[in-house]
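Asks: For reference, the structure I am asking about is given below.
The values are calculated or read from the model by the stated rules, or taken from the named source; none is laboratory data. Just so we're clear, the structure is a prediction, and the values are computed from it rather than from any experiment. All Cβ positions, glycine included, derive from the backbone under ideal geometry; neighbour counts span all protein chains shown. SASA here: full protein model, heavy atoms, side chains in, ligands and nucleic acids out. Shrake-Rupley method; radii C 1.70, N 1.55, O 1.52, S 1.80 Å.
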Amino acid sequence: MHLVYRKNTPCKAFTDAANVEKHTVEGPHPAANPSLHIQKIAPILGPDDAVWTLSALDVVAIGHLLTRGKVFTDRIISIAGPGVLPNCIGYFKVRNGFPVSALVAGRIPKGSMRFISGDPLMGKKVDIDDFMGFSETAFTVIPEGEEREFLHFMGLGGNKYSFSRAYISGHMDSKKRSYDFTTNQHGEHRAFIDSALYDKVMPLDVPTMLLVKAVMAEDFDRAEELGLLDVDSEDFALPTFVCPSKMEMTEIIKGGLRRHGKQ
């Protein structure tokens with residue numbers, strides 16, 4: 001049993017844990033991805049290998065059920081995003097499956113907003129009459145990008161995020177800048193054009209574009225050779241975010257893993 005936790009954590013529950021092999025990680029997302037831990041610690045060697053993972057919240061829920069005989073329903077969630085009023089962003093204690101309408105009441109400005117149960121990369125779109133997902137610990141609100149910019153492709157783009165440096169903002173120090181993100185993708189779906197771009201943000205040691213193409217072609221023998229068994233859909237969240245071709249890689253991999261499992 002392997003236990004992975006943040007380096008230099010003061011939490012005794014992790015540092016004093018017994019009968020486990022301890023590992024530490026540091027850095028921003030995707031340092032906490034289970035797929036990354038598995039590949040680095042105990043790689044999957046074949047389709048018959050089975051690996052079970054639990055989050056800290058899962059362990060708390062199981063322990064609460066076994067010791068108290070009750071289902072653990074408390075959640076500490078973050079409410080954030082450019083669609084939330086600045087003084088309403090923060091962490092809040094709610095119950096599992098909390099209604100969206102109560103979360104957004106008095107916290108969002110007027111206008112069309114996208115409600116996301118989860119984080120912006122892997123969360124699920126919900127409506128105001130829906131409820132938070134069972135395992136989600138974040139609620140995000142992003143303005144809908146419904147207005148099209150006139151001749152936007154001819155602009156320098158000094159105020160637009162650009163990982164590929166297509167806009168002038170991509171040549172500036174992005175750590176010192178903030179961007180007003182909306183749901184607008186600023187482009188249409190098109191063919192893959194730059195494989196090296198995805199590998200810069202892919203946390204795992206896999207050829208991102210080649211693996212996605214193999215899954216799209218349903219060549220699962222080739223996909224296994226390229227690392228399909230090592231990945232989960234969330235590992236492709238950052239490549240999807242920076243993709244200039246607007247490929248929904250997370251959905252492609254999710255569907256590919258399901259089809260592969262049925263073989």
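Asks: Examine region 90-102 for a residue that is over 24 Å from Leu204 (Cα atoms) and among the basic types (Lys, Arg), and state whether such a residue exists.
Replies: yes
Asks: Here is a further query. Pick from Ile108, Ile41, Ile62: which is of a type outside the set (Gly, Ala, Ser), without any contact (Cβ under 8 Å) to a residue 40 or more places away in the chain and within 29 Å of Tyr179 (Cβ to Cβ)?
Replies: Ile108
Asks: Take the conditions of a type outside the set (A, V, I, L, M) and open to solvent by 60 Å² or more (accessible area, probe 1.4 Å) and apply them to Asp119. Does it pass?
Replies: Spelling it out, Asp119 is indeed of a type outside the set (A, V, I, L, M) and open to solvent by 60 Å² or more (accessible area, probe 1.4 Å).
Asks: When you scan region 132-149, how many residues do you find that are modelled with pLDDT under 90 and either farther than 17 Å from Ser78 by Cβ or of a type in the set (Ser, Thr, Tyr) (or both)?
Replies: 6
Asks: Which residue out of Asp194, Asp199, Asp221 is open to solvent by 50 Å² or more (accessible area, probe 1.4 Å), of a type outside the set (Phe, Trp, Tyr) and modelled with pLDDT under 85? Give the steps one after another, and end with the answer.
Replies: Details: Asp199 fails: modelled with pLDDT under 85; Asp221 fails: modelled with pLDDT under 85.
Residue meeting the stated conditions: Asp194.
Asks: Further, regarding this structure: Select from region 53-83 the residues that are within 20 Å of the chain's Cα centre (by Cα) and farther than 13 Å from Ala138 by Cα and list them in ascending order.
Replies: Scanning region 53-83 gives Thr53, Leu54, Ser55, Ala56, Leu57, Asp58, Pro82, Gly83.
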